[in-house]
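Below is one structure, written out as structure tokens; the observations come after it.
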2 protein chains.
Amino acid sequence: MFLIDSKSGVPFYRQIIEQVKFAIGRGELQPGDRLPTVRQLAVDLSINLNTVIRAYRELEIEGMLDTQQGSGTFVSSRKPDINGLERQRMLDQILTDMLARASSYGFTIDDLLKGLQQRKENE
Amino acid sequence: MFLIDSKSGVPFYRQIIEQVKFAIGRGELQPGDRLPTVRQLAVDLSINLNTVIRAYRELEIEGMLDTQQGSGTFVSSRKPDINGLERQRMLDQILTDMLARASSYGFTIDDLLKGLQQRKENE
DNA sequence: TATATTGTTATAGTCATATAGTACAATATA
DNA sequence: TATATTGTACTATATGACTATAACAATATA
């Protein structure tokens, strides 16, 4: 369900937090839905249990999640507000990073567009 | 000339590296151009001298910069020479990384295509 | 030559992140 | 009730990033 990019420089727990928020924002996670157990997610992502706990705890403090010892962690019924603005900023960031990297090797936006287009067709 | 986002979670020295590469890739920094001194950039960005040094050193190792003690740090005149195959592999890598990151946030290839297209038009 | 400027090196300390391992507490389930 | 599963708490350790500070080395310039 979630993915960790260990090369991005962004702390794992932050990546988890962001992805949970966006999943909720997109409706993939509905209020009441159960999240992976802390142990399971730690195994899936090959990271430490404590790192998952840290992410879940922050989300609980923010009111996004409800945790119940013994039963699991659930999406809170209080609807959090995932704004499109944050989402747009994330996309911008991804594009900026990629462009910086690509242009340092002399690639143009057209090169990227072409490459992306090919991948789309091969899906 | 450069900007640091202290809230992004991305290490300062990595941000500097990316921005220098970006500037070179876009032609804003030409071979032979002099970069800010390590001390000056540290002051400008309100970060530590060692952090700037670290960024410049990595860029020098990569062949992007030439440093000359006493006179400054300059954009290397050695053009990074990679053959077409390596180049293609590099582009694939960049695209793969971006897609992994983007999809983890729920973005589709179309989202990326659209975002790229917009940037192209705004150039 | 003398001085300033530039990059370099080194030491030490703080903080955040992540890991490993162990044990405990609450709940669900057989 | 007994057991498994879930989240929680804690200690210890390691590493990376960043900072503070000081001294050193090479070059440019007055």
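The values are calculated or read from the model by the stated rules, or taken from the named source; none is laboratory data. Nothing here was measured: the structure is a model prediction, and the numbers come from that model. Here Cβ is always computed from backbone atoms with ideal geometry, including for glycine, and neighbour counts include all displayed protein chains.
Pick out the one residue from B:Gln40, B:Gln15 that is closer than 18 Å to A:Ser103 by Cβ, of a type in the set (S, T, N, Q) and either in contact with a Gly (Cβ under 7 Å, 6 or more places away or on another chain) or part of a helix (DSSP H, G or I) (or both).
Testing whether each residue is closer than 18 Å to A:Ser103 by Cβ, of a type in the set (S, T, N, Q) and either in contact with a Gly (Cβ under 7 Å, 6 or more places away or on another chain) or part of a helix (DSSP H, G or I) (or both) leaves just B:Gln15.
Conditions tested, residue by residue: (1) touching a strand residue (DSSP E or B) at 6+ places or on another chain (Cβ under 7 Å); (2) modelled with pLDDT of 95 or more; (3) surrounded by fewer than 13 Cβ atoms within 10 Å (Cβ to Cβ).
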{"residue": "B:Leu65", "(1), (2), (3)": "yes, no, no"}
{"residue": "B:Asn83", "(1), (2), (3)": "no, no, yes"}
{"residue": "B:Arg87", "(1), (2), (3)": "no, no, no"}
{"residue": "B:Ile94", "(1), (2), (3)": "no, no, no"}
{"residue": "B:Ala102", "(1), (2), (3)": "no, no, no"}
{"residue": "B:Ile109", "(1), (2), (3)": "no, no, no"}
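Which pairs have Cβ atoms under 8 Å, sit 6 or more apart or on different chains, and link a residue in the range B:15-42 that is at the interface with chain A (Cβ under 9 Å from one of its Cβ atoms) and in contact (Cβ under 8 Å) with a residue 12 or more places away in the chain to one that is more than 16 Å from DNA strand C (Cβ to nearest atom) and charged (D, E, K, R)?
B:Lys21/A:Arg101
Out of B:Ile53, B:Ile47, report the one residue that is closer than 30 Å to A:Glu86 by Cα, within 13 Å of DNA strand C (Cβ to nearest atom) and in contact (Cβ under 8 Å) with a residue 12 or more places away in the chain.
Numbers: B:Ile53 fails: closer than 30 Å to A:Glu86 by Cα.
When all the criteria are applied, what remains is B:Ile47.
Surrounded by fewer than 18 Cβ atoms within 10 Å (Cβ to Cβ) and under 17 Å from the mean Cα position of the chain (by Cα), is that true of A:Glu121?
Details: surrounded by fewer than 18 Cβ atoms within 10 Å (Cβ to Cβ): yes; under 17 Å from the mean Cα position of the chain (by Cα): no.
For A:Glu121, the condition - surrounded by fewer than 18 Cβ atoms within 10 Å (Cβ to Cβ) and under 17 Å from the mean Cα position of the chain (by Cα) - is not met.
A:Val10: under 16 Å from the mean Cα position of the chain (by Cα) and modelled with pLDDT under 90, yes or no?
Judged against the criteria, A:Val10 is a match.
So how many residues does the range B:18-37 have that are surrounded by 15 or more Cβ atoms within 10 Å (Cβ to Cβ), away from DNA strand C (no atom under 12 Å from the Cβ) and assigned to a loop (DSSP other than H, G, I, E, B)?
So the count comes out to 1.
Working only within the range B:1-44, note down all residues that are of a type in the set (Val, Ile, Thr) and closer than 30 Å to A:Glu86 by Cβ.
Matches in the range B:1-44: B:Ile4, B:Val10, B:Ile16, B:Ile17, B:Val20.
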